[in-house]
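Right, one structure below, let's go through it.
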Amino acid sequence: MTYNIGGSVTPTPRVFRTGKFSVGQIVRHRLYSFRGVIFDVDPVFNNSEEWYQSIPAERRPSKDQPFYHLLAQNAQGGPYEAYVSEQNLVADGENGAVKHPTIDEIFERFAGDHYVLRARRRQ
């Protein structure tokens with residue numbers, strides 16, 4: 001979106017919210033039966049429009065909120081990666097570790113209710 005100031009077109013400034021969750025935190029989806037560990041955060045939606053439109057309209061989240069990349073597992077075990085809006089996540093650290101083959105590449109250890117990021121990834 002843009003606005004006009006004195007005849008020139010200027011991009012609308014984006015407002016970024018602070019995320020409710022952080023990298024290493026274990027979360028679960030509030031509607032679907034899967035959980036995962038967060039390995040990256042987008043301050044606002046940053047995926048394809050095709051992906052966004054594939055979500056049923058009645059469940060489609062707002063783009064102006066943090067979206068989280070998860071190493072996920074479901075009742076069948078998974079593993080897979082998920083991209084989930086903040087409004088659809090709840091904390092789930094009390095239910096233990098997540099099983100995913102990529103966890104050891106990104107995190108150095110499980111610390112009770114969250115994962116600790118490897119030092120080389122913190123930079």
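Just so you know, all these numbers are worked out from the coordinates, no wet-lab data involved. Here the structure is a predicted model, which is why all the values come from computation and not from measurement. All Cβ positions, even for glycine, are placed from backbone atoms using ideal geometry, and neighbour counts span all protein chains on display.
Given the Cα-Cα distance of residue 30 and residue 48 and 0.36 nm per residue of separation, how much length would full extension add, in nm?
4.2 nm
Could you give the nm distance between label points at residue 118 and residue 102, where each point is 7 Å from its Cα heading toward the beta carbon?
1.3 nm
Quick check on the exposure proxy: order 68, 32 from fewest to most C-beta atoms within 10 angstrom.
Lowest to highest Cβ neighbour count: 32, 68.
Considering the zone a paramagnetic label at residue 111 would reach in this model (a point 7 Å from Cα along the Cα-to-Cβ line), which residues of region 20-38 have amide N under 11 Å from it?
24-25
Only counting other Cβ atoms within 10 Å, I'd like 20, 63 sorted with the fewest neighbours first.
Result, fewest neighbours first: 63, 20.
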